[in-house]
Each structure stands twice: as C-alpha cells, then as structure tokens.
Amino acid sequence: MKWLTTTLGSSIGKKLLMAVTGLSFIGFLAGHLAGNLTIYGGADAFNGYAEHLHALGPFLAVAEFGLLGLFVIHVLVGLVLFWQNFKARPVRYAVNRSPGGKTIGSASMPYTGILILLFILFHLSNFSRFFVDQSGTTIYQIVSQAFQSPVYVGLYVLAMLVVGLHVSHGFWSLFQTIGLNHPKYMPAITVVGLVVSVVFALGFGFLPIYIAFIA
Ligand code: HEM
C-alpha cells in the first residue's frame, strides 16, 4: 500500500495516474464509438452488436468494474489536483496570461471534466441496462426513443463538444506527463490529439442528429 500513498503524495504520481486512466478512457471511447457506428447499419446491426457485448457475461462485468475503478481514480485525483492548484494561487491574477501555452482546452479541464461526469450519470440513466429495464424492448428502440426529443439531441451534441475539448488537451497533456514531450514528437502528438478529439466530437455528436432526422 506504500506505493499508493507515495504515488498519491507526489504531484507527478498524481499526474501519472491521470495520464494512465485518461489513456484507458480514450481506448474505451474508441471502442464505444466503433460499436455505436453500427447504428448506421440499422436496428438489427445495433441490437446484434449489443447482444454480442452482453453475451460476454462475466468478462463484460470485469471490464465494467475495471472501467468504473479507473473512472473513480481519474475523477478523484483530478479534483485533488484542481484543489491543490487552486490553493497554491490564493490571489487571482489581474491579467490571466500564462506563458506556458495556455489554451481553452487546458484552462477548462476541471470544468469540462465535471460536465463529462454529469453527462455520464445522465447517459447511464438513459441507456445503461443497470438503470433502464431493457426487457421487452431493444437497445435500438431505447436510443431511438430518447433522440426523438430535441432536448436530448441538443444536450448530447453539446456534451460531445465538451468531450472533444477535454480530450484535445488531455491527449497532449498525457504524452507530456509520460515524458514524450520532445520537440521532435510533440507537434505530431498535438495533431493526432486534435484529430482524435474531432473524430470523437463528430463521430458521437452526429449519431443523435442522424437518429432524430435521418434514420
Ligand atoms: C451519441 C453518443 C452516444 C451514444 C448513442 C451512446 C450509447 C450508449 C448505449 C446504448 C449504452 C448502453 C449499452 C448497454 O447497456 O448495452 C452506453 C453505455 C455507456 N456509455 Fe455511451 N453512448 C454515447 C456516448 C458516450 C460518451 C461520449 C461516453 C463517455 C464520455 C459514454 C460512456 C458510456 C459508458 C461509461 C457506458 C456504460 C458501459 C457499460 O455499462 O458497459 N457514452 N452508451
């Protein structure tokens, strides 16, 4: 247990935990997006994908618990880092100018993080089998029903833009933390981070619009 207190006690330890858990979420989002793209194949394709996933049984349960654990670590350590940064600067700067390449993405990380946390709670209450009785209906019907509401479509599209913004800085930041901040690699990493965040924002964000207006 000593490694845990040492890791949590040091600033770089906390940043490393953020990086490793953040990278796992990027992996999860890539998988989740790939699965959700079956929506374009119609109800049977999407329901078939969900059935395959659920057929994994205990393996799926282990992955879900693992994901939940990583999520709890990411949120708690993120909040601790935010609080420590806040405490370290009790007097706000009159001019908020940072020489360290501050971007909208980097400055808004704690806020976009909290919005994503709220989105995930809302999202699970909409679609997850842990919260929605899926007997007698299909996952396609549940999703398609939700996106008949313009409020849901609007909330999801906005949430996907927030996810894109969070990932755009998180991707860059995690490679800095794991020590790949070499002038030779960073420009490429910045571009890949931007591409990944645009793919997530557009890939997820277009789905509710497609279901509401096209499908
Ligand atoms: C339009 C965008 C999205 C759609 C249509 C969608 C759809 C779904 C559906 C249908 C489920 C339930 C799967 C099941 O119980 O069989 C689900 C679960 C989940 N989604 Fe999404 N999702 C979207 C975006 C996102 C985003 C951006 C995140 C994360 C930031 C996310 C995180 C999750 C999580 C954590 C679960 C629970 C996984 C599990 O229980 O195994 N989703 N999503």
Environment charge at L53 (Cβ cut-off 12 Å; Lys +1, Arg +1, Asp -1, Glu -1): -1
statement: One finds, for L76 and A188 with R0 = 30 angstrom and r their Cβ-Cβ distance, a FRET efficiency to the nearest 0.05 of 0.40
- line: The exposure ranking of V132, V72, fewest beta-carbon neighbours within 10 Å first, is V72, V132
statement: Rounded to one decimal in nm, the spacing of the 7 Å Cα→Cβ label points at L8 and F213 is 4.7 nm
message: Looking at the chain, identify the longest residue range that excludes and avoids all trypsin sites (Lys or Arg not before Pro) in DSSP loops having at most 15 other Cβ atoms within 10 Å.
response: 1-91
message: Given N residues in the chain, what is its alpha carbon radius of gyration divided by 2.2 N^0.38 Å?
response: 1.13
- line: Taking only the alpha-carbon atoms of segment 117-191, the convex hull volume per residue, in cubic angstrom, is 121 Å³
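Every number here is computed from the coordinates shown, using simple stated rules; none is lab data. The shown structure was predicted, so the numbers you read here are calculated from the model rather than taken from an experiment. Please note: Cβ atoms are built from the backbone with ideal geometry, for glycine as well, and neighbour counts cover all protein chains shown.
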